[in-house]
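**Student:** This is the structure I want to talk about, given as structure tokens.
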Amino acid sequence: MKAGKEAAPVKEVLAFLAKAYPDARILLDHRNPFELLVATVLAAQCTDERVNGVTPALFRSWPDPAAFARTSQEEVEDAVRSTGFYRNKARAVRDLSAALVVRHHGHVPRTMEELTALPGVGRKTASILHGACFGDPALPVDTHVGRVSFRLGLTASKDPTRIEEDLAKAIPGEKRWEFATRLGWHGRQVCVARKPRCPECGLDAVCPKQGV
């Protein structure tokens, strides 16, 4: 961190993000919580665009957890092959679907505890569902949110759980979901992992550029 510079003021960060990314949203296409849950699993180490190219046919073939639970591993592998790591992803989707059928009658639960108890569902994925589908003040910490939060000095940690805790203390509850989605867009477009485009950033004057 630059000497004498503190964390970027939260009010200025929120105001900038609201102006720069008013339409920020989750880019994974979905019509219900189950579809978003599956799409999030498939998006690991894969682009949202590629996942969006796979899921329409996927959900035509298997529209709900019961359908996925009944089908074979090989069939799902073939359907998700282009997303990479297709064997693991097919297994994860089938295990997740079976758990939903057995534990929740085929419905996606709403609580963090129930969601993270499902096979392959971590806190980030559960938070995405909370914010995108349930309207809760969620703070999903992906690589972009974590990186930009660190650079802005809003956290001194690289651990997603600790980052979420730090952000929850700084960001008002009603602003958390829009903050996370907008900050993620900023991380993809401007505050990128390598060679962040600081001269193009509306927060350049107040950002301590921690770790840059």
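**Student:** Output the residues belonging to the stretch 129-160 that are in contact with a Gly (Cβ under 9 Å, 6 or more places away or on another chain), in a loop (DSSP other than H, G, I, E, B) and either in contact (Cβ under 8 Å) with a residue 24 or more places away in the chain or not small (Gly, Ala, Ser) (or both).
**Tutor:** Matches in the stretch 129-160: Pro137, Ala138, Leu139, Pro140, Asp142, Thr155, Lys158, Asp159.
**Student:** State whether the residues of the stretch 11-24 include one that is part of a loop (DSSP other than H, G, I, E, B), in contact with a Ser or Thr (Cβ under 6 Å, 6 or more places away or on another chain) and surrounded by 14 or more Cβ atoms within 10 Å (Cβ to Cβ).
**Tutor:** Checked the stretch 11-24: at least one residue is part of a loop (DSSP other than H, G, I, E, B), in contact with a Ser or Thr (Cβ under 6 Å, 6 or more places away or on another chain) and surrounded by 14 or more Cβ atoms within 10 Å (Cβ to Cβ).
**Student:** With the condition kept exactly as written, say whether any residue in the stretch 161-174 is surrounded by 20 or more Cβ atoms within 10 Å (Cβ to Cβ), in a loop (DSSP other than H, G, I, E, B) and more than 17 Å from the chain's Cα centre (by Cα).
**Tutor:** Looking for residues that are surrounded by 20 or more Cβ atoms within 10 Å (Cβ to Cβ), in a loop (DSSP other than H, G, I, E, B) and more than 17 Å from the chain's Cα centre (by Cα), one finds at least one in the stretch 161-174, hence yes.
**Student:** Can you name the number of the only condition in (1) in a helix (DSSP H, G or I); (2) polar (S, T, N, Q); (3) more than 20 Å from Gly106 (Cβ to Cβ) that Thr40 fails?
**Tutor:** Unmet for Thr40, out of (1) in a helix (DSSP H, G or I); (2) polar (S, T, N, Q); (3) more than 20 Å from Gly106 (Cβ to Cβ): (3).
**Student:** Could you list all residues from the stretch 129-157 that are of a type in the set (A, V, I, L, M) and surrounded by 19 or more Cβ atoms within 10 Å (Cβ to Cβ)?
**Tutor:** Leu129, Ala132, Ala138, Leu139, Val141, Val145, Val148, Leu152, Leu154
**Student:** Further, regarding this structure: Go through the stretch 168-212 and give me each residue that's closer than 19 Å to Lys158 by Cα and among the aliphatic types (A, V, I, L, M).
**Tutor:** Ala168, Ala170, Ile171, Ala180, Leu183, Val192, Ala193, Val212
**Student:** So Leu100 ticks every box in (1) touching a His at 6+ places or on another chain (Cβ under 8 Å); (2) under 24 Å from Glu49 (Cα atoms) but one. Which box is left unticked?
**Tutor:** (2)
**Student:** Is it true that some residue in the stretch 75-85 is in contact with a Lys or Arg (Cβ under 8 Å, 6 or more places away or on another chain), in a helix (DSSP H, G or I) and exposed (fewer than 14 other Cβ atoms within 10 Å of the Cβ)?
**Tutor:** Yes: the stretch 75-85 contains one or more residues that are in contact with a Lys or Arg (Cβ under 8 Å, 6 or more places away or on another chain), in a helix (DSSP H, G or I) and exposed (fewer than 14 other Cβ atoms within 10 Å of the Cβ).
**Student:** Can you give me the number of residues within the stretch 48-57 that are free of Cβ contacts under 8 Å to residues at least 24 places away in the same chain and under 17 Å from Asn88 (Cα atoms)?
**Tutor:** 0
**Student:** How many residues does the stretch 86-95 contain that are surrounded by fewer than 22 Cβ atoms within 10 Å (Cβ to Cβ) and more than 18 Å from Asn52 (Cβ to Cβ)?
**Tutor:** So the count comes out to 5.
**Student:** Got at least one residue in the stretch 48-63 being of a type in the set (A, V, I, L, M) and either out of contact with any helix residue (DSSP H, G or I) (no Cβ under 9 Å at 6 or more places or on another chain) or assigned to a loop (DSSP other than H, G, I, E, B) (or both)?
**Tutor:** No: zero hits.
**Student:** Quick check: is even one residue across the stretch 121-128 within 30 Å of Val212 (Cα to Cα), in a helix (DSSP H, G or I) and touching a residue at least 60 places away in the same chain (Cβ under 8 Å)?
**Tutor:** Looking for residues that are within 30 Å of Val212 (Cα to Cα), in a helix (DSSP H, G or I) and touching a residue at least 60 places away in the same chain (Cβ under 8 Å), one finds at least one in the stretch 121-128, hence yes.
**Student:** Can you tell me how many residues within the stretch 102-119 are within 22 Å of Ser61 (Cβ to Cβ) and buried (at least 18 other Cβ atoms within 10 Å of the Cβ)?
**Tutor:** Qualifying residue count for the region: 2.
**Student:** So which residues in the stretch 196-211 are over 23 Å from the mean Cα position of the chain (by Cα), surrounded by fewer than 16 Cβ atoms within 10 Å (Cβ to Cβ) and either of a type in the set (Ser, Thr, Tyr) or part of a loop (DSSP other than H, G, I, E, B) (or both), if there are any at all?
**Tutor:** Asp204, Ala205
Read-outs throughout are calculated quantities, based only on the coordinates presented, and are distinct from any laboratory measurement. Quick caveat, the model's predicted, so the values are computed rather than measured. Glycine also receives a Cβ, built like all others from the backbone with ideal geometry; neighbour counts cover every protein chain displayed.
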